[in-house]
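The values are calculated or read from the model by the stated rules, or taken from the named source; none is laboratory data. What you are looking at is a predicted structure, and each value in this text was computed from that prediction instead of being measured. So basically every Cβ, Gly included, is an ideal-geometry build from the backbone, and we count neighbours across all protein chains shown. Side chains are part of the model used for accessible areas, which takes the heavy atoms of the whole protein and leaves out ligands, DNA and RNA. Shrake-Rupley method; radii C 1.70, N 1.55, O 1.52, S 1.80 Å.
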Amino acid sequence: MDDNKILDLLQDGNNSDLDISDFECDEDSLEQPSLLDQQFEGQNVTAPPQEPLTSMRTGRQRTLPLRKRIWKNAYYIDKLHDYSGHPEPEKILSPNEYFRDYFDESFFENTAFCTNMYFMHHTGQVLNTSSQEIKKLVGMHLIMGMLSYPRIAMYWRKHIQVEMIATAMPRDRFTTLRNALHVVPSDTPPAGPRNPLWKVQPVIDIVKSACNKIDRCPGRFSVDEQIIPFTGKCELRQSLKNKPRPVGLKNFVVTTSDGIVLDFEIYYAGNPALSDRSLGLGPAVILRLAQAIPPTSCLYFDRYFTTIPLLEALSKQNLHGTGPIMLNRLPDRVEINFKEDRNMKQGDVDQRVLDDNIALVKWKYNKGLVMASNCTGGNCVDVVKRYDKNRKAYIDVDAPRVVTSYNRYMGGVNVLDQSMEYYRTFIKTRKWTLKVILYFLDLAVVNSWRLYKCHSLAKGVLNNEIMDLMAFRFEIGESLLSTPDRDRREATPPSMLTEQASGIRKYRPGTKPSEGKRYDGYDHLPIVDEITSPRCCRLESCSSRTKIRCRKCNIYLCLSRSNDCFYLYHTQ
């Protein structure tokens, strides 16, 4: 043999005749620290990274084989999860202020510009829409989500029409704007890596940016798949059988246990955010979304994502993870030797531990379930209630802490889906881009309401004083519908106008306007009604009577030198 061949054999670890099985030693001797370990005990000493060996003759790289995992039937010490609640805000904002964190004035102006460009390019006509008209279009979709009709034209049909929608915009104008709605100025995809979502990428970016700005602290979070419903023709369409709406675009979401979205990633082939798939697609999704989670937090995910290498990677990032795992994903599963289901009783637990860091817990109720976690084991047992078909009653069953904590904190994405399904904007269309835009509008409303509710509870507001989702959505929709047709002109003095109220047969107090309509500072003009008896002033701190009515809000307010309720009512 020549010198090159000898060097090649020496550098190739796979040709070594030594094996760990050739040494006669017990586990206790392997676990005892060496003199070098005792010398550096208490110091953070890290070994240099091992680079792959390179053959001098062929130039090919050979990586060292991974160490063999040894699972022991041992006790597992749970890691502490002493998390505080949501940070207390400085003040509770209005629904419109929460919504403007997602869709601000610049978004509506850019959408109006892109819509005009698209309509001119395809029809050769001038659409001449504005940001105010786009706001009304969005507000109409929000109201339509609460008042669902099977056909769009029914909102303008006589006898059953919705006055807020019918008076805001004509039906044909609404249809034209909705069909021409665009958020990009060109029909040509941008240069660079292929992105099939480029037509809706501005909406995705602003919603994702708003979600990333939400204050967060170490806590419990859940990761799961979400479907953007769409059954038409689209290359991004996926199908998930277990979802309520199984067909649409797949979206990976990370939420708090309360259902607040912190980050998301829409799946498509070649997504650069999920390019590192050395551990698989599921772990790549978890590691991508874990970037939005503070250290020492705990992530919960289902069996689609759970692997042992994923838990090892999360431990290196100082994150905890818990989820059910499939048996075919267990490395060295032949050597783990869990108890068989027929040898286990209801509530029995069998546990295996790897390096005091990762625990595998098998629990039997009707059949065996294996949970994997790097923070919670199966030594602590809780009592849960389960329905027994034979006894036809609820019974107490022992369940390990890893199962009870997973059932308690995993449902964040399901809570989000349920909230979005209550008042989802449902419109039949063949354009997947319109479906995605409407989906993110609903997501922004639900996420704003969830954040408003958490802020209200942190401030100690009573539950009966917190707006529900329908009232919160109606507040935003009405404010957008009351947007003036033109920008407000500064320093315009209010003029006293009079109108005849001869058409009023019976007085009914006007509905209290929304905060967005009340404080917008535009077109609030006093009108003196010719009525026989004055009406009660609607200012909260006033008990006087007056004949002066606000033309926009349609309520009566005092207006005199000594008592200017009209001004106080419309100023914050």
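Before moving on, here are some points about what is shown:
- Matching residues, region 507-530, being open to solvent by 40 Å² or more (accessible area, probe 1.4 Å) and touching a residue at least 60 places away in the same chain (Cβ under 8 Å): GLU515
- Test result for ALA491, at positive phi and modelled with pLDDT under 90: yes
- A single entry from SER533, SER562 fulfils the requirement of being open to solvent by 50 Å² or more (accessible area, probe 1.4 Å) and either polar (S, T, N, Q) or in a loop (DSSP other than H, G, I, E, B) (or both): SER562.
- Which listed residue, of ILE92, ILE143, is farther than 16 Å from ASP485 by Cα and either at pLDDT 95 or above or open to solvent by less than 20 Å² (accessible area, probe 1.4 Å) (or both): ILE143
- Strands (runs of 3 or more DSSP E) enclosed by region 278-367 - at least 2 residues per element that are out of contact with any helix residue (DSSP H, G or I) (no Cβ under 6 Å at 6 or more places or on another chain) and open to solvent by less than 10 Å² (accessible area, probe 1.4 Å): 298-300, 349-354, 358-364
- All conditions but one from (1) closer than 30 Å to LEU177 by Cα; (2) touching a residue at least 24 places away in the same chain (Cβ under 8 Å) apply to VAL461; the one that does not is (1).
- Any pair with Cβ under 6 angstrom, 6 or more apart, that starts in region 372-397 at a residue that is at negative phi and ends at one that is in a strand (DSSP E or B) and of a type in the set (Gly, Ala, Ser): SER373/ALA359; ASN374/GLY321; GLY377/ALA359; ASP382/ALA399; VAL384/ALA399
- Listing of helices (runs of 4 or more DSSP H) fully contained in region 134-250 that carry 2 or more residues being in contact (Cβ under 8 Å) with a residue 12 or more places away in the chain, within 30 Å of ALA290 (Cα to Cα) and touching a helix residue (DSSP H, G or I) at 6+ places or on another chain (Cβ under 7 Å): 201-212
- For region 202-214, the criterion of a residue being under 30 Å from ASN407 (Cβ atoms) and aliphatic (A, V, I, L, M) is satisfied by at least one position.
- Residues of region 536-559 classified as hydrophobic (A, V, I, L, M, F, W, C) and either assigned to a strand (DSSP E or B) or more than 20 Å from THR511 (Cβ to Cβ) (or both), total: 4
- Close contacts from region 71-97, counting a first residue that is over 30 Å from GLY516 (Cα atoms) and among the aromatic types (Phe, Trp, Tyr) and a second that is part of a strand (DSSP E or B) and modelled with pLDDT under 85, with Cβ to Cβ under 9 Å and a gap of 6+ residues or different chains, come to none at all.
- Subset of region 162-191 that is open to solvent by less than 60 Å² (accessible area, probe 1.4 Å) and of a type outside the set (A, V, I, L, M, F, W, C) - its residue that is farthest from LEU434 (Cα to Cα): SER186
- Restricting region 389-403 to residues that are open to solvent by less than 30 Å² (accessible area, probe 1.4 Å) and part of a strand (DSSP E or B) leaves a set whose member that is nearest to LEU80 (Cα to Cα) is PRO400.
- Matching residues, region 404-413, being open to solvent by less than 10 Å² (accessible area, probe 1.4 Å) and aliphatic (A, V, I, L, M): VAL413
- Region 380-405, subset in contact with a Phe, Trp or Tyr (Cβ under 6 Å, 6 or more places away or on another chain) and not basic (Lys, Arg), residue farthest from PRO324 (Cα to Cα): TYR394
- All positions within region 82-110 that are more than 16 Å from ASP258 (Cβ to Cβ), in contact with an Asp or Glu (Cβ under 8 Å, 6 or more places away or on another chain) and either part of a loop (DSSP other than H, G, I, E, B) or among the polar types (S, T, N, Q) (or both): SER94, ASN96
- Flag: MET470 does not match the condition of being exposed (fewer than 14 other Cβ atoms within 10 Å of the Cβ), out of contact with any His (no Cβ under 6 Å at 6 or more places or on another chain) and at pLDDT below 70.
- Number of residues in region 256-277 that are of a type in the set (Asp, Glu), open to solvent by 30 Å² or more (accessible area, probe 1.4 Å) and within 24 Å of LEU443 (Cα to Cα) equals 1.
- Condition check for ILE266: out of contact with any Cys (no Cβ under 9 Å at 6 or more places or on another chain) and among the β-branched types (Val, Ile, Thr): yes
- When residues of region 123-133 are limited to those that are assigned to a helix (DSSP H, G or I) and in contact (Cβ under 8 Å) with a residue 12 or more places away in the chain, the one nearest to PRO202 (Cα to Cα): SER131
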